[in-house]
Structures are given as structure tokens and as C-alpha cells.
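A short worksheet on the structure shown next.
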Amino acid sequence: MLRRAFSTAPAPKPRGWRKHLDRFRDRPASHITAFAVLHEITAIAPLAAVYYALDYYQPRTIFPDRVLEEGNRYINKLREYVGWEKLDESSPVLAHLATSYAVVKAAAPLRIAASVALTPWTAKWCVVPVAKTIERLAP
């Protein structure tokens, strides 16, 4: 134990996820930024994809027609207040939006795992080069 602590031999390279720990210690802001960007991308892209898939395939809704009509009436009041066009009383838009949101929220553990896994690569190849370019351009 003491021989290793005072040895001049190089320490073995860390393996697995520990090899990214030194980079995180050197540039924590780039890794936090990369994680935040990835986390948002993995939320927005699936939200749009699920919505358009539901809109394209038009699956039977699990909501009763009365619930859809009541929700659309409430949203139409808000849309009218803002000055937007009203939705049809039987429009499935709100059901598709709610379902898309629920699917993306249910997939949060997968999204977080993907964001954590891709953070070192994104920090190295996307965030750090952009930050260096901004540093060069800043007066």
C-alpha cells in the first residue's frame, strides 16, 4: 500500500465510466451544459414524434367523448381569449398532446440514461469547441 502511494510508476488508467470523471473535473460547465442540452433534445424530439405518429395513425382514444368535448370547450375559451382559432368539439388534438406528454414523461428514465451516456461525447465534440470559438471571438 505505501509502496504504491510513494511510487513514481504511472497510475493505471481508469476504466469504464471513471475515465470520464477526470474530464468532468476539468470542465464541469461543459458537461452540465451538454447534459442539459441532451435532456431537452430527448424531451422535445420524442414529444413531436409521438404527437405526429398519433395524428397520422389516428388510434382510438381511451378518453370518453364527453371528456374530450368538455376539454375542448375549456381550451376553446382560452384560445378565443388569446385570439386563436377554435378547435372542433370532437378534435383529438388535446388527447394527442396529453398522450404525447405522458409517453415522454414515462420515458424519463430512458431519456436521463441516454443523456448521461452521451454527455462526455457531446461535451467534447460540441460544447467545448463552441465555447472555445466564443472565447476567441469575445473581446
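Quick grid of which residues meet (1) modelled with pLDDT of 95 or more; (2) more than 30 Å from Glu89 (Cα to Cα); (3) touching a helix residue (DSSP H, G or I) at 6+ places or on another chain (Cβ under 6 Å); (4) of a type in the set (Lys, Arg):
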| position | (1), (2), (3), (4) |
| --- | --- |
| Leu2 | no, yes, no, no |
| Pro10 | no, yes, no, no |
| Val37 | yes, yes, no, no |
| Ala45 | yes, no, no, no |
| Tyr51 | yes, no, yes, no |
| Pro59 | no, no, no, no |
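Collect the residues in the stretch 15-48 that are farther than 30 Å from His96 by Cβ and of a type in the set (S, T, N, Q), keeping them in residue-number order.
Passing the criteria: Ser30, Thr33.
From the list Glu69, Glu89, which residue is among the acidic types (Asp, Glu) and out of contact with any helix residue (DSSP H, G or I) (no Cβ under 6 Å at 6 or more places or on another chain)?
Glu69
Kindly indicate the residue of the stretch 103-112 that is among the small types (Gly, Ala, Ser) and either surrounded by 12 or more Cβ atoms within 10 Å (Cβ to Cβ) or in contact with a His (Cβ under 9 Å, 6 or more places away or on another chain) (or both) and also nearest to Arg25 (Cα to Cα) among those meeting that condition.
In this case the residue turns out to be Ala108.
Which one is least open to solvent (accessible area, probe 1.4 Å), of the residues in the stretch 19-60 that are under 25 Å from Val127 (Cβ atoms) and among the aromatic types (Phe, Trp, Tyr)?
Phe35
Within the stretch 76-86, is even one residue touching a residue at least 24 places away in the same chain (Cβ under 8 Å), on the phi < 0 side of the Ramachandran plot and either of a type outside the set (D, E, K, R) or open to solvent by less than 40 Å² (accessible area, probe 1.4 Å) (or both)?
Looking for residues that are touching a residue at least 24 places away in the same chain (Cβ under 8 Å), on the phi < 0 side of the Ramachandran plot and either of a type outside the set (D, E, K, R) or open to solvent by less than 40 Å² (accessible area, probe 1.4 Å) (or both), one finds none in the stretch 76-86, hence no.
Here is a check on your reading of the model: is Ser100 outside any helix (DSSP H, G or I) and surrounded by 15 or more Cβ atoms within 10 Å (Cβ to Cβ)?
no
For Glu40, indicate whether it is in a helix (DSSP H, G or I) and under 29 Å from the mean Cα position of the chain (by Cα).
yes
Could you tell me whether the stretch 96-106 includes any residue that is in contact with a Pro (Cβ under 9 Å, 6 or more places away or on another chain), within 27 Å of Trp17 (Cα to Cα) and at pLDDT below 95?
Looking for residues that are in contact with a Pro (Cβ under 9 Å, 6 or more places away or on another chain), within 27 Å of Trp17 (Cα to Cα) and at pLDDT below 95, one finds none in the stretch 96-106, hence no.
The values are calculated or read from the model by the stated rules, or taken from the named source; none is laboratory data. On a predicted model such as this, the values are computed, not experimentally measured, just so you know. Cβ: placed from backbone, ideal geometry, glycine included. Neighbour counts: every protein chain shown. Note: accessible area is taken over every heavy atom of the protein model, side chains too, but ligands, DNA and RNA are not part of it. Shrake-Rupley method; radii C 1.70, N 1.55, O 1.52, S 1.80 Å.
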